[in-house]
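One structure is given here, and the rest of the page talks about it.
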Ligand SMILES: [Zn+2]
């Protein structure tokens, strides 16, 4: 597995929100760099951003240069992770701002560009994939990803929900067991479902189990082609342990 990361993501000045918290990226990366090789992304060029967003929206974001630069780099990170995965190397893109609440014309919830959707749309544009499966394990629904991919019938999006961690893992396991052939699996990897974060549900070993379930499913349906992109996760004290646990399961 490879980790897609750039220390430029550590600059918190691009947005005064929870995703932009000081020290958040350092926390997320704290367990990863000593285990997996890190690769730095390039910012996504305009023509790739236009695959998922309207020109008018891009102009609006561009008016805020620090945010535009950071969000383009985050999208570039997701796109690089998608390319690595397609080439047979699983990847985790540790990026911000997150993307799953970013639609064609707008964004909310600390998001700017629809990172996961863009990564998949680039692979489709290059005719590398026809089908894709997205599993969003953030505590919140990935409404943006759903909207951006709405006109792609062979892109399936799954947002698991359940009352308890035990049920959550069962819902995921059941859905993944039903999964038919696809070309790639993408994960919107949010960690705010953690028991001390806003979702108040999952524990650290649950993230490892989720990673392992998704990894196993990818080996069964798409020759192991899988990548994950950081979404939410705001309980900084344990964010590193949770990201590491997920990646250990995902990389198996
Ligand atoms: Zn969230």
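Read the figures in this text as sums done on the coordinates, not as results from a lab. Model, not experiment: these values are computed from the prediction. Virtual Cβ from ideal backbone geometry, glycine too; neighbours counted across all protein chains shown.
Could you tell me whether the stretch 154-170 includes any residue that is touching a strand residue (DSSP E or B) at 6+ places or on another chain (Cβ under 6 Å), farther than 28 Å from residue 204 by Cα and more than 16 Å from the ligand (Cβ to nearest atom)? Can you show your working first?
The first filter runs over the stretch 154-170 and keeps only residues touching a strand residue (DSSP E or B) at 6+ places or on another chain (Cβ under 6 Å), leaving 155-159, 165.
If we keep only those that are farther than 28 Å from residue 204 by Cα too, we end up with 155.
Okay, now just the ones that are also more than 16 Å from the ligand (Cβ to nearest atom), so 155.
Yes, because at least one residue in the stretch 154-170 is touching a strand residue (DSSP E or B) at 6+ places or on another chain (Cβ under 6 Å), farther than 28 Å from residue 204 by Cα and more than 16 Å from the ligand (Cβ to nearest atom).
Within the stretch 20-48, can you find the residues that are over 18 Å from residue 82 (Cβ atoms) and touching a strand residue (DSSP E or B) at 6+ places or on another chain (Cβ under 9 Å)?
Answer for the stretch 20-48, where residues must be over 18 Å from residue 82 (Cβ atoms) and touching a strand residue (DSSP E or B) at 6+ places or on another chain (Cβ under 9 Å): 25, 28, 29, 32, 33, 35.
Any idea which of 244, 210 is on the phi < 0 side of the Ramachandran plot and within 16 Å of the ligand (Cβ to nearest atom)?
Result: 210 is the single residue among 244, 210 that is on the phi < 0 side of the Ramachandran plot and within 16 Å of the ligand (Cβ to nearest atom).
Name the residue, out of 84, 51, 80, that is under 14 Å from residue 122 (Cα atoms) and not in a helix (DSSP H, G or I). I'd like the intermediate steps shown before the answer.
Values: 84 fails: not in a helix (DSSP H, G or I); 80 fails: not in a helix (DSSP H, G or I).
On inspection, the qualifying residue turns out to be 51.
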